[in-house]
Every structure is written in C-alpha cells, then in structure tokens.
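Down below is the structure, laid out as structure tokens.
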Amino acid sequence: MTKINQSFTRSLDTNNISAYLKNIGKFPLLSHDEEAKLANEWVSKKSLKAAHKLINAHLRLVVKLAMKFKGYGLPINELIAEGNIGLIQSLNRFDPKKGFRLSTYAMWWIRASIQEFILHSWSLVKIGTTAAQKKLFFNLRSLKGKLKALDDGDLPPELVTEISQRLDVSENDVIDMNRRMAGPDHSLNNPYSLDNQDEWINGIPDERENHEASFIYNEELFKRKEMLVTALKDLDERERRIITQRRLVDNPLTLDELSRSFGISRERVRQVEVRAFQKLKKVVKNIKYKNKDLNQ
C-alpha cells in the first residue's frame, strides 16, 4: 500500500520558526466537503497531491499542539517536526468513511508522537516506562502550577498526597518524578569532587542478573510473545486493533476515543474488547496444552 514518506517533513523547514509560521499560514483551511473529497482521492487513488494538501492544511494544528509542550526544555522546532510525523502517520491510517474530520483523528497521533519524542529526549534515564508514569510526567508540572507549588525543591507532604490521589500514582512516584524533573542530568563519568577524581559510575553496584537467569527470562519472554502473536492472528482486524489499543500499549486509548475512531458506541467497543480477550485466552491456553503434550 502506498504511504506518504515521512521524509516529506524534511521539506518543511522548522529551523526558522518565524518564517515557518508565516509559510504555513499561506496554506488554506479546508471545508468539510473539500477535506472529504481530498481524503477520498488519497484513499482510493493514492494521490500524493491530495495528501500534501491535507497535510499542509493541518500544519497549524501541529504547531498549536506542539506549543503546549514547550515547557519541557526542548526546541520548539523539534517538537513541531515530530508532530508533523504524527500527522503523516494519521493520514496513512485515516478512513474518511467513518465520518470524522481529519483533525479529530490526527490530534491523537500528533500528541502521541510529540510525547514519545519528549520521553526519549528529555533525559538519558527513561522517565516514563508505564502509562501511569507517562501520565505523571506530562501532568505534574501543570498540576503543581494549579496548586501554586512552583519551587524546585521537594514538595510538602500534603501536596505529595494530593497529587498522588489526583493522578492515581504512589506518593513515592510523585516525589521521585518531581526530583528528576527539578534537577538536570549529570554524566556518570564526572568525578566525585576536585579532591576525589574517582567517577560516579564506579560507585554503582552491578545488579545485573547472571547469564543463566537472564537467558531463562529472555527465553520465557520470547515464548510468551510468540504465543501472543499467534493468538492475535485468530482475531479479526477490528478485534485485533481494539485489544491492542486497550491492553497491549503503554498509553491505552479510552472507550470514547475508540468509539469515535470506529464509529460505534462505547458499549460496543467494550463488548468487542471482552470478546477478543476471551479469544486470546482460549488460544493461548490451547497452545500451552499442545506444548505440554509435546514435551511429555
């Protein structure tokens, strides 16, 4: 299937922000009918001309969303460039037959692309490894602002408790994330002090598992992934997409988001998710029994 190459973003010079904003302001916005016509041309005929018109008309949306993340210390031009990639990814998956505007569908892809870039670039140490940690990372600063706690030091215990309850994370996660966001990254190759030239990295204990334990763990993980891949093949396309977006990604979509994406009710999405999960469990169970019989 023809897809828009992400290298298209290279032709969008985001290094000069003022000039970039001026240039994208020249692209006309599209009416619902104009957008539907262009989207159908792209989907049915793979017209790159139509795709570029759709992308150009939504570049201002990318800038608007990127500006909301400018407080994370990363160059705004890089945030915009990543958002443009998300926009292109959304168009490659957009289905105009669902009846939604491209902007409604694309904003989720744009935001996700920018957030992933921030998480990978903001620190040498990964900040968010779970959906809850990502939520904490992207909401802590704004929530501190609302609670008038803008100092770089540790948060008062009462604010730690309130933030943990609001974001449904542990108090230790709040304290740890606040400290990591307040302090800059330091190289582990820096010396302890001027008097002691030994490097920080030499003081970190080696907590790695031995090779045997690591091999067993990786082998078990590989088997589980194999079973999951096999089980997913037993689902139809809609079941596979819904169960993946609900249970197999770090940042799962809500029932509302999926209902808008598929053009069905929230309850119908929930029913499809439950049915798909039951199918997965059944297939995985059968695979385990077959493997057990072969090993006996």
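A protection proxy built from the mean count of other Cβ atoms within 10 Å ranks the segments 32-42, 52-62, most packed first, as 52-62, 32-42.
Could you calculate the FRET efficiency of residue 23 with residue 170 from 1/(1 + (r/R0)^6), where r is the beta carbon distance between them and R0 is 51 Å, rounded to 0.05?
The computed FRET efficiency comes out at 0.65.
Taking other C-beta atoms within 10 Å as the exposure proxy, 21, 136 rank 21, 136 from fewest upward.
Filter the cross-link list 70/146; 49/98; 68/98; 22/46 down to pairs whose alpha-carbon distance in this structure exceeds 20 Å. Distance filter (> 20 Å) returns 49/98; 68/98; 22/46.
For residue 255 and residue 139, the difference between the fully extended length at 0.36 nm per residue and the C-alpha to C-alpha distance is 39.6 nm.
Tell me, what does the Kirkwood hydrodynamic radius of region 6-121 come to in angstroms if you use every pair of distinct C-alpha atoms? Could the numbers behind the result be given before it?
Values: mean 1/r = 0.0697 Å⁻¹.
Kirkwood radius, region 6-121: 14.4 Å.
If we count other beta carbons within 10 Å of each Cβ, what is the order of 262, 137, fewest first?
Numbers: 262 16, 137 20.
The most exposed by this proxy come first: 262, 137.
How much length, in nm to one decimal, is gained on full extension between residue 92 and residue 287, taken as 0.36 nm per residue of separation minus their Cα-Cα distance?
Full extension from residue 92 to residue 287 adds 66.7 nm.
Here, each number is a calculation from the coordinates, and none is a lab measurement. The structure presented is a predicted model; accordingly, all values stated were derived computationally and were not measured. No Cβ is skipped: glycine too gets one built from the backbone with ideal geometry, and neighbour counts run over all protein chains shown.
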